[in-house]
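Report on one structure; see the data block that follows.
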Amino acid sequence: MKYQKFEFDTYTIYTIKTDKFKNCHMEITFYDNAIKEELGIRNFLVDMLCHSSKKYPKRKDLVIKLEELYQSYFYGVSSRVGNMVMNSFIYDFVNPEFINDSKFLENTLKLPFEVIENPNVNEKAFDERTFKIIQKRILSDIESIKENPTNYALRRALINMDKNSITSRSVLGTKEEIKKITKESLYEYYEKFIKKSLCNIYIIGNLDMEKVVQIINKNFHNNCLKNHKIEPFVENKTRKKVKMVKEKGNFGQNRLVLGFNLDKLTHEEIAYTLTFFNEILCSGGLKAKIYKALREDNELCYSVSSINSKYDGMYFIYVGLDKKNVPLAIKLIKKCVKEMAQGKITQEEMDFAKKQLLTYLDVVMDNQNSLINNYTFNTIVDSPLLEELKESFKKVTINDLKNLGKKLKLNFIYELESKGEEE
C-alpha cells in the first residue's frame with residue numbers, strides 16, 4: 001500500500017493506493033472541537049445534506065443518480081471521539097478500470113462535492129419537506145435509545161457520572177434541542193460548519209491518485225480552516241469516593257456499568273497498551289479474566305463486555321445479570337482489575353491476547369473502512385498505522401500492563417434494575 005498526502009489551502013487529501021479491492025472508498029470528514037449544544041445540529045445537518053441537494057431535490061433523484069454511477073453509495077456518519085466531533089460524508093464506488101467510460105472517474109468524484117456545496121436551500125432556509133422528514137427520523141432515533149437496555153444503561157450511567165461532561169452527551173442531541181432547530185437556523189449553522197471546521201479527505205483504491213486529487217481540487221471550493229486546532233482528549237473528573245447510582249428500568253434483566261478513569265496515560269498506553277490490557281481483562285472472549293470470573297467460574301451473568309473510551313480518559317465494563325448476583329459481580333470485577341494492577345497475568349494470557357490482536361489486525365487490513373479509520377486517527381492524533389501497531393503489540397510486556405492497571409481509578413458503579421425484581 002502506498003500512502004500519500006496532498007495539501008491545499010483549506011483542506012488536505014490523504015490517499016492509500018492498493019489493488020486489494022475492486023471498489024474505492026472515500027471519506028470527506030469535517031472535524032471540530034465538540035460543543036455540547038451543537039452535537040445534535042451537526043448530526044442533523046449531515047443527514048440533511050446526504051438526503052438531497054439543489055440539483056437532486058428529492059431523495060429518489062439522488063438515488064437514481066447513484067444507480068447511474070454503477071450503484072455508488074453515499075451516506076453520512078456523525079461521531080464524537082473524546083472532545084472531537086467528526087462528521088463524515090462517505091462514498092463507495094466501483095473502480096473505474098472495470099467501466100468502459102473515460103469520464104466515469106470525474107463524473108463519479110464530482111457528485112459528493114455537488115451535494116455538500118449545493119444544498120437544497122431556498123432563501124437561506126433548507127427545503128421544508130426534507131427538513132421535516134429528517135427531524136422526525138432523528139427524534140425517533142433518540143427515542144429508540146430507550147429500547148436497547150445496554151445503550152440506555154450506559155447513557156444513564158454517563159449522565160449520572162457528570163451531566164456537564166461532553167462524554168455524557170449523545171451525538172444525536174436531545175429531543176428538546178432537535179425540536180428547537182428550524183430550517184432557517186440549520187442553514188445558518190451550515191455556513192458556520194463549512195467555514196469553521198477542519199476538513200480532511202481520505203480515499204483508498206487502485207486509482208491514479210494524482211488524477212483523483214486533480215479532480216477533487218477542481219470540484220471542491222470550500223473555505224474550511226486549514227490550521228484549526230483540535231483538542232481530542234477529555235479530562236473527566238476523578239472521585240475520592242466511588243459514586244453509586246441505582247435506577248429502575250423496564251427491561252428483563254439488570255444492567256451494571258462500572259466506569260473507571262484512566263489517569264494520565266502515556267502516548268504508548270493510549271496507542272496500543274490499553275488495547276492489549278482490555279483484551280486480557282474483558283474483551284478477549286472466553287479467555288478474558290472478567291468473562292471467566294463472572295460466567296465460567298460463577299455463572300453470574302448473561303453478558304459482559306467493555307468499552308475502551310481512551311479519548312474520554314475512561315474505561316467502562318458493563319454486565320447483564322440478575323439482581324441477586326450484582327454484589328458478587330462487583331466484587332469479582334474489582335478483583336480482576338486489581339490483579340491486572342498487581343501484574344498477576346500469565347504468559348498464556350499474554351500469548352493468547354497477542355495472537356488474537358494480531359489476527360484482528362490481519363482482518364482489519366483486508367477492510368477498506370478500517371484502513372481509512374486507522375489512517376484518519378494517524379493523521380489527527382498520531383496513532384500508529386497498522387504495520388507499526390502489529391510490531392507494538394509484539395513488544396508489550398506484563399510490566400507494561402501492570403503499570404497501566406495502576407492508572408485505572410473506579411469512578412462510579414451504576415445499576416439499572418429490571419422490572420419485576422423482588423427486593
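For the reader, a short list of remarks on this structure follows.
- On inspection, Ile345 qualifies as touching a residue at least 24 places away in the same chain (Cβ under 8 Å), surrounded by 19 or more Cβ atoms within 10 Å (Cβ to Cβ) and more than 27 Å from Ser79 (Cα to Cα).
- On inspection, Ser144 passes the criterion of being small (Gly, Ala, Ser), closer than 26 Å to Val304 by Cβ and surrounded by fewer than 17 Cβ atoms within 10 Å (Cβ to Cβ).
- Against the conditions (1) surrounded by 14 or more Cβ atoms within 10 Å (Cβ to Cβ); (2) at pLDDT 95 or above; (3) touching a strand residue (DSSP E or B) at 6+ places or on another chain (Cβ under 7 Å); (4) more than 23 Å from Asp32 (Cα to Cα), Thr150 satisfies every one except (2).
- Neighbours by Cβ (under 6 Å, 6+ apart or cross-chain): first from the stretch 59-86, surrounded by 20 or more Cβ atoms within 10 Å (Cβ to Cβ); second among the acidic types (Asp, Glu) and at pLDDT 95 or above: Gly82/Asp312; Val85/Asp32
- Among residues that are out of contact with any strand residue (DSSP E or B) (no Cβ under 8 Å at 6 or more places or on another chain) and either polar (S, T, N, Q) or free of Cβ contacts under 8 Å to residues at least 12 places away in the same chain (or both), Lys192 is included.
- Residue within the stretch 325-337 that is surrounded by 15 or more Cβ atoms within 10 Å (Cβ to Cβ), more than 22 Å from Lys243 (Cα to Cα) and not hydroxyl-bearing (Ser, Thr, Tyr) present: no
- Restricting attention to the stretch 142-179, the residues that are of a type outside the set (Asp, Glu) and closer than 25 Å to Glu231 by Cβ add up to 18.
- Test: residue in the stretch 167-183 that is closer than 30 Å to Ser418 by Cβ, basic (Lys, Arg) and not in a helix (DSSP H, G or I): yes
- Of all the listed residues (Lys338, Lys334, Lys354), the sole one being basic (Lys, Arg), closer than 15 Å to Phe276 by Cβ and in a helix (DSSP H, G or I) is Lys354.
- Single residue of Lys248, Lys264, Lys292 found to be surrounded by 12 or more Cβ atoms within 10 Å (Cβ to Cβ) and either out of contact with any Lys or Arg (no Cβ under 6 Å at 6 or more places or on another chain) or at pLDDT 95 or above (or both): Lys292
- Of all the residues in the stretch 248-297, those that are assigned to a helix (DSSP H, G or I) and of a type in the set (A, V, I, L, M, F, W, C) number 12.
- Matching entry among Lys103, Lys22 (being closer than 21 Å to Val213 by Cα and either in contact (Cβ under 8 Å) with a residue 24 or more places away in the chain or of a type in the set (Gly, Ala, Ser) (or both)): Lys22
The values are calculated or read from the model by the stated rules, or taken from the named source; none is laboratory data. Keep in mind that what you see is a predicted model, and the values were worked out from it rather than measured. Here Cβ is always computed from backbone atoms with ideal geometry, including for glycine, and neighbour counts include all displayed protein chains.
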